[in-house]
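Below you'll find the structure, written out as structure tokens, and then a few comments.
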Amino acid sequence: MCGIAAFVDFNKKSTKENIEKMISTLYHRGPDGGNTVIVNHDKYTLGLGHRRLAIIDVTSAANQPMQFENLWIIFNGEIYNFQEIKSELIILGHTFTTNSDTEIILHAYKEWGKGCVEKFIGMFAFVIIDTIENKLICIRDRAGVKPLFYYWKDNLLLIASELKAFHQHPEFSKKINIDAVAAYLQYGNVPTPHCIFENTYKLKPGHILTFELNSETPKPKIEKYWSVYTAYNEPKLEISFEEAKIKTEEILKSACEYRMVADVPVGVFLSGGYDSTCVAALLQKDRTKPLKTYTIGVPDIGLNEAPYAKKTAEILGTDHTEVMCTAKEVLDGIMDLPYYYDEPFADSSALPTTLVSKIARKEVTVALSADAGDEIFAGYNRYDYLLRYRTKITKIPASIRKTTAQLMERIPSESIPILKNKYNFHNRYEKLKGILRNPNEQTIMLSLSQQLTDEQLSDYLIPKFNKLDTAYQSTELSPSTFSSLAYMQAIDYQTYLVDDILQKVDRATMTASLEGREPFLDHRVIEWAARLPNDYKYFNGNKKYILKEIVHQYIPKEIMDRPKMGFAIPMASWLTNELKELVEEYLDENKIKKQEIFHWSAIKELKKNFYNGKKELDYKIWYILIFQMWYEKWM
């Protein structure tokens with residue numbers, strides 16, 4: 001795992017000092033070494049920078065930027081099957097000077113061009129410079145585990161793992177993209193491929209950026225090499241459940257084993273839930289040496305799956321580390337969020353995720369996580385809501401549904417007995433209003449994904465804005481294979497997974513200089529699971545059915561079968577108590593008016609309603625607080 005940065009300057013103003021400053025901001029991504037290279041050409045100046053977290057071939061021979069003949073590379077990630085590819089290349093006449101996967105990418109590109117990516121099992125974002133073809137190529141992995149930003153304006157191309165590197169280049173224009181601000185207020189992140197700044201973008205997962213350096217009118221060209229819809233648009237497999245379970249376990253086992261490839265210590269995050277238990281069980285199965293597993297609990301805010309994780313670890317026989325934290329330890333990390341998440345990012349679980357990463361880093365350099373199990377095997381409650389209740393809701397006359405939603409606007413969620421104490425009830429109460437108004441698949445998906453409707457955005461934002469084109473509007477799912485479940489899963493795989501979950505885990509682990517690996521995001525897993533019959537994933541109201549049946553072979557069902565807890569924090573309570581001073585500081589009338597982004601009247605009304613008992617507004621307050629903190633840090 002590493003940090004990369006690059007520039008191509010057709011104005012020839014950029015210097016070695018510029019690339020050194022850019023890459024220095026990514027030290028946390030790679031504390032084991034750093035180098036830069038400058039290439040001067042008649043038409044441009046090229047800079048490449050790399051910070052290294054040494055995982056495979058930890059010798060200096062594997063440092064980057066790395067050169068092979070006419071090719072240069074900077075690479076962030078891992079190619080887990082590099083040894084197999086290396087053997088294939090040796091047969092074709094290639095020779096190697098290192099034991100690194102970086103060198104394999106260079107030789108694979110030399111042999112097969114951009115098509116080499118089809119052979120890779122891994123997570124990756126890399127830049128290759130071809131000095132003969134005068135071409136720059138960027139490739140991002142299929143699922144989007146590794147980030148890659150780029151900026152193109154006034155004949156200057158900037159590329160980096162994180163936005164903060166761009167701020168170190170004197171020609172970077174950090175003008176806020178108001179359309180992105182609107183999207184952030186809805187989703188709590190800026191959806192790919194967009195960015196908070198104008199002329200700045202995220203390379204989409206499964207895409208290649210090509211830049212012809214010799215062109216008279218150079219500009220980035222984007223092409224797709226992989227899509228999750230390819231699998232979802234294929235016919236469902238005709239296979240028995242038992243056969244499907246055996247094959248699913250086989251693919252998951254292979255994905256997990258590949259992610260144990262390292263020349264440094266490796267551990268596993270274990271929450272005690274089905275996904276992480278599956279990873280730990282499959283890996284411990286054929287090992288005599290105990291795996292290192294880690295869990296975190298914050299008992300005083302009700303976040304404590306540690307007893308379940310401990311019981312699971314005992315049954316599996318792992319070397320388990322359990323750490324109990326206080327709410328104060330979690331809260332202390334809030335002020336660091338705007339630096340490490342250098343684009344507005346409002347998932348509060350970034351706080352405990354960062355804490356557990358720092359704890360694991362004391363003993364291991366690599367940690368396996370179990371993200372994407374929900375997207376792939378249908379584990380989210382929203383899938384349950386759609387499949388269980390959509391038909392029932394649509395049978396209710398529209399006038400009654402709309403009247404109920406209007407009534408809910410006047411009744412605070414805090415005033416509803418019993419339910420007000422349920423996990424995430426306030427947030428769900430707010431989203432239900434949108435579903436009642438229009439319960440089709442797209443509306444349900446957006447209602448469950450957004451904090452503000454398109455209409456509400458106009459009340460908050462002063463400048464005019466346009467709705468961004470995102471994967472939420474995708475129509476790529478074929479009518480012949482369409483189902484409500486497949487629709488939601490495919491959308492989530494390209495949106496919430498990429499822009500929330502993976503961004504969170506990447507920044508949280510990298511804050512601690514820890515490499516996070518994601519077995520469920522092996523592309524072979526989704527390509528298989530997407531073709532499984534829907535009732536193998538969601539059966540009679542049982543979410544993640546096939547995955548649970550695999551886990552029950554290792555851990556008794558009575559231990560596993562409990563409500564999903566998640567990593568949510570008590571947002572409403574914190575914002576009215578421990579964080580109230582922060583809210584008042586950043587959602588201050590003078591600050592809001594000076595920025596000329598938000599209508600003060602809307603912010604004032606939001607605060608008043610929240611403090612008067614409408615706890616369901618907590619995430620709207622949090623989103624704006626996080627934006628304000630980001631704004632103060634970077635603007």
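A short reminder: the numbers here are calculations on the coordinates, not readings from a lab. Predicted, not measured: the structure shown is a model, and the values here were computed from it. Cβ coordinates were reconstructed from backbone atoms using ideal geometry, including for glycine residues, and neighbour counts include every protein chain displayed.
Remark: region 285-293, residue by residue, has Karplus-estimated 3J(HN,Hα) of 3, 10, 10, 8, 7, x, 5, 8, 10 Hz, where x stands for each Gly or Pro and the curve is 6.51 cos²θ - 1.76 cosθ + 1.60 at θ = phi - 60°.
The calculated FRET efficiency for the pair GLU363 and GLU441, based on their C-beta separation and a Förster distance of 51 Å, comes to about 0.70. In this structure the amide hydrogen of VAL268, modeled in the peptide plane, comes within under 5 Å of the amide hydrogens of LYS292, THR293, TYR294, LEU368, none closer than 5 places in sequence on its chain. Farthest toward the positive end of the dipole of region 2-226, out of TYR201, TRP112, ASN35, is the Cα of TYR201, where the dipole comes from beta carbon charges about the Cα centre. For region 200-205, putting each phi into the Karplus relation 6.51 cos²θ - 1.76 cosθ + 1.60 with θ = phi - 60° gives couplings of 10, 9, 9, 5, 5, x Hz, in residue order, rounded to whole numbers and with x for Gly and Pro.
Charge dipole of the chain (Cα centre as origin; +1 on each Lys and Arg Cβ, -1 on each Asp and Glu Cβ, all else neutral): 1540 debye, rounded to the nearest 20.
Each label was represented as a point 7 Å from its Cα along the Cα-to-Cβ direction; for LYS13 and MET635 these points are 2.4 nm apart. Please compute the net charge surrounding THR45, taking Lys and Arg as +1 and Asp and Glu as -1 over other residues with Cβ under 10 Å from its Cβ. Residues close to THR45 contribute a combined charge of +3. Sites counted here are GluC sites (Glu not before Pro) in a DSSP loop (not H, G, I, E or B) having no more than 12 other Cβ atoms within 10 Å; the longest part of the chain that contains none of them is 239-595. Relative contact order of region 374-533: 28 percent, from C-alpha pairs under 8 Å at least 6 residues apart in sequence.
Under the classification rounded if a/c is under 1.5, otherwise prolate if a/b is larger than b/c and oblate if not, where does region 2-226 fall, given a ≥ b ≥ c as square roots of the Cα gyration tensor eigenvalues? Prolate is the answer for region 2-226, as a/c is 1.5 or above and a/b outweighs b/c. Extending 7 Å from Cα along the Cβ direction at ASN609 and again at GLU257 yields two label points whose distance is 5.5 nm. Straight-line cross-link partners of LYS395 among the lysines, defined as a Cα under 24 Å from its Cα and at least 8 positions apart when in the same chain: LYS431, LYS433.
The stretch between ARG524 and LYS175 holds 121.7 nm of extra length on full extension. This uses 0.36 nm per residue minus the Cα-Cα distance. Distant-in-sequence amide contacts of GLY516, defined by a placed amide H-H separation under 5 Å and a gap of 5 or more residues or a different chain, comprise ALA367.
Eigenvalues of the alpha-carbon gyration tensor of region 2-90, scaled by 5 and square-rooted, set the equivalent ellipsoid semi-axes at 26, 17, 9 angstrom, largest first. Using +1 at the C-beta of Lys and Arg and -1 at the C-beta of Asp and Glu, which of ILE56, GLY613, TYR383 has the Cα lying farthest in the positive direction of the dipole of the chain? The residue sitting most towards the positive pole is GLY613. Compared with the direct C-alpha span, the chain from LYS395 to ARG287 gains 33.5 nm at full extension, assuming 0.36 nm per residue. For the listed residue pairs LYS153/LYS504; LYS119/LYS221; LYS21/LYS110; LYS219/LYS633, the alpha carbons are over 26 angstrom apart in LYS153/LYS504; LYS21/LYS110; LYS219/LYS633. When you count the other C-beta atoms within 10 angstrom of each residue and take the mean per peptide, 40-48, 622-630, 389-397, 2-10 line up highest first as 2-10, 622-630, 40-48, 389-397. With each label modelled as a point 7 angstrom along the Cα→C-beta vector, the TYR27-LYS221 pair spans 4.0 nm. Rounded to the nearest whole Hz, the Karplus-based 3J(HN,Hα) values (6.51 cos²θ - 1.76 cosθ + 1.60, θ = phi - 60°) of region 90-105 follow the sequence 4, 4, 7, x, 7, 10, 10, 10, 10, 10, 9, 6, 4, 5, 4, 4, with x at glycine and proline. Mean residue ellipticity, 222 nm, helices only, the chain: the sum of -39500 (n - 2.57) across DSSP H runs of n ≥ 4, divided by residue count and rounded to 500, is -11500 deg cm²/dmol. Mean separation of Cα pairs under 8 Å and 6+ residues apart, divided by the residue count of the chain: what relative contact order is that in percent? Contact order relative to length: 16 percent. When only alpha carbons are used to place a centre, region 519-583 and region 145-188 end up 32 Å from one another. Counted by Cβ distance under 12 Å from THR404, the other residues give a net charge of +4, where Lys and Arg count +1 and Asp and Glu count -1.
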